[in-house]
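A short worksheet on the structure shown next.
The values are calculated or read from the model by the stated rules, or taken from the named source; none is laboratory data. Note that the structure is predicted; figures quoted are calculated from it, not measured. So basically every Cβ, Gly included, is an ideal-geometry build from the backbone, and we count neighbours across all protein chains shown. Heavy atoms of the whole protein, side chains included, go into the accessibility calculation; ligands, DNA and RNA do not. Shrake-Rupley method; radii C 1.70, N 1.55, O 1.52, S 1.80 Å.
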Amino acid sequence: MAMAVIWTGMVVVSVLCGIFLGTGDAVAAAAVSGASEAVKLCLSMAGMLCLWTGVMEVMKRAGLSRGLSRLLRPIIRRLYPEFARDPEVMESISANVSANLLGLGNAATPLGIQAAKRMSKRSPGVASNSLCMLVVCNTASIQLIPTTIASVRAGAGSAAPFDILPAVWLASGISVCTGIVAAKVLGKVWGR
């Protein structure tokens, strides 16, 4: 609801400014052009997202997701010690981390929500340290393959949409490490 009000307000202000400044024709042309470009971008992104969602499904059926889950389990157990013995929560978190590693933010969100629902059963109405850590790790996730960003770059006409990999790895690694340290420190300070 709030976003609808914000977007409507932005459109109304733009139209009024265009009329007041005498550039109404330019505002109308920009609106039509922007809508056309948005549709083109969505279609180009859809292809890339379908490809990587399919890859994720193949990985799941081939058992690679479970293998990745097993590889991640020691790290996840240290980050979420309260739930180390809860296989459902660990599986949800592992699936969320796997989707984030592949840059599938849209596919990772439902998995993160599922993990958060399971975690919140232990402390209803209160965000535990583990739940805060999940939000931090999900938001500042490490991306090995930045699928969404690459699809936006491809849609914008980039000849090499994946040439940003080293920068993405560095930035996402730093953001996750910073987030984990902040969550641990604030969890200890706030717990007092």
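Scan Ala183, Ala154, Ala159, Ala171 and give me the residue that is touching a Ser or Thr at 6+ places or on another chain (Cβ under 9 Å) and either surrounded by 14 or more Cβ atoms within 10 Å (Cβ to Cβ) or not in a helix (DSSP H, G or I) (or both).
Just one listed residue meets the conditions, Ala154.
Among the numbered criteria (1) open to solvent by less than 60 Å² (accessible area, probe 1.4 Å); (2) closer than 25 Å to Gly155 by Cα, which single criterion is violated by Gly9?
(2)
Just one of the numbered conditions (1) more than 28 Å from Gly155 (Cβ to Cβ); (2) surrounded by fewer than 19 Cβ atoms within 10 Å (Cβ to Cβ); (3) of a type in the set (Gly, Ala, Ser) is not true of Ala115; which one?
So Ala115 meets the others, but not (2).
What's the total number of residues in the range 147-156 that are out of contact with any Pro (no Cβ under 9 Å at 6 or more places or on another chain) and under 14 Å from Trp169 (Cα atoms)?
The qualifying residues number 1.
When you scan the range 54-72, how many residues do you find that are open to solvent by less than 70 Å² (accessible area, probe 1.4 Å) and closer than 16 Å to Asn100 by Cβ?
Residues meeting the conditions: 7.
For the range 73-106, how many residues are among the small types (Gly, Ala, Ser) and surrounded by fewer than 21 Cβ atoms within 10 Å (Cβ to Cβ)?
Here is the first cut: in the range 73-106, the ones among the small types (Gly, Ala, Ser) are 84, 92, 94-95, 98-99, 103, 105.
Restricting the remaining residues to those that are surrounded by fewer than 21 Cβ atoms within 10 Å (Cβ to Cβ) gives 84, 105.
Of the residues in that region, 2 qualify.
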